[in-house]
1. Near the amide H of SER250, under 5 Å away, which other amide H atoms are found, from residues 5 or more places off or on another chain, if H is placed in the peptide plane?
2. Label 7 Å along Cα→Cβ of ALA291; segment 242-267 residues with amide nitrogen under 14 Å?
3. I'd like the Karplus ³J(HN,Hα) series for segment 282-293: coefficients 6.51, -1.76, 1.60, θ = phi - 60°, whole numbers in Hz, and an x wherever there's a Gly or Pro.
4. If contacts are Cα pairs under 8 angstrom and at least 6 residues apart, what is the relative contact order of segment 107-182 in percent?
5. Label points 7 Å out from Cα along the Cβ direction at GLU234 and GLU310: separation in nm?
6. Would you please give the residues with an amide H less than 5 Å from that of ILE224, counting only those at least 5 places away or on a separate chain, with H modeled from the backbone geometry?
7. Of PRO149, THR23, ALA291, which is farthest along the charge dipole of the chain in the positive direction, counting Lys and Arg as +1 and Asp and Glu as -1 at C-beta?
8. Pull out a ≥ b ≥ c, the square roots of the eigenvalues of the alpha-carbon gyration tensor of the chain, then state rounded if a/c is under 1.5, prolate if not and a/b is larger than b/c, and oblate in the remaining case.
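Laboratory data are not the source of any read-out in this text; all were calculated from the coordinates shown. Computed from a prediction, not measured in an experiment: that's the story for all the values here. Cβ atoms come from the backbone with ideal geometry, glycine included; neighbour counts cover every protein chain shown.
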Amino acid sequence: MTPEEQESMPRALPEDGLYPIRTVSAETGVNPVTLRAWERRYNLLEPQRTPKGHRLYTREQIDTIRRVVELLDRGIAISQVKPLLASGEASEAPEESAAPAHVQDIWGPLVRDLLSAVAAFDDDALDRLYGEVLSLYPVDTVTSKLTIPVLETLGARWKAESTGIAEEHFLNAYLRNRLGARFHHLSKDRHAPRLVAACFPGEQHETGLLLFCLSAAARGYGVIYLGANMPLEELPAVAERTDAVAVILSATARPRPALLNEQLPDLVHQLRVPLFVGGRAACRHEKQIAAAGAVSVGTEIPDAIRIIEERTPR
């Protein structure tokens, strides 16, 4: 195990008011690799060190990390964040405002670059682009500013272009491999609270669930990913065997009435942990999901994770 892997493992706090990198990552959603990159490449943070070299962060530094995330969500490049923080301009602007006029929004060009790579069916270009942005930006920011806009663009234009369907399939297959490998890497902590994640029976669209799992892993959860078209009757045994704190189901297509009215209540009855349902179908059938005893978490990943955090032990 490398020193950085050891640093990312959970550990007791050496003294009050200092937090190890794994705790900071779970609290802010910024993974340890990205926090180290911000420190080394941009000098945004100067954590204290234990005698063995492990990073320790103050509460003030955690607040700074959250402010950095807010700036990134406004389209500001990580390389431009430190001058804004130093000038005080960042703290004067409301969180929901756009980037300052003199600061260039980076996400528009990245979306165009990603669409170009997809149109060329160039997985090497996709790897370079995703590898760079995922090392420098929080996964929630990459998802909302890059991945989802690209998926929406492809979904809107597939009827008008001869290779539109092939492009959408190409990107979804790439994301399934790339993001799946990444969240498996993030989910190595055996002490992390575990989530069992699967798609409804008959549901083949798993990209949204993968994006959720990647965000959950960045927040410190261990993820047991079961993928598309999962029989519901097998989930209670999986949850019990893995000591999961919750089960997450994803549904985009319209589910069969029997699934919502019979199978879902049966699953809730058998589970010893909460059941959450996300995706477009969860929004359309929120009342039926609630009547079954499950919780609809909608389509927004940060909101879904907040709801799960509020209802499960950490």
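1. Amide H to amide H, under 5 Å and 5 or more residues apart or across chains, SER250 pairs with ALA198, CYS199, PHE200, GLY278.
2. Zone members listed by number: 257-266.
3. Values, residue by residue: 5, 6, 5, 10, 4, 5, 5, 5, 5, 5, 6, x Hz.
4. Values: 33 pairs, mean separation 24.9, N = 76.
So the answer I get is 33 percent.
5. In this crude label model, GLU234 to GLU310 measures out at 3.3 nm.
6. LEU195, VAL196, ALA197
7. THR23
8. It is oblate, given that a/c is not under 1.5 and a/b is not larger than b/c.
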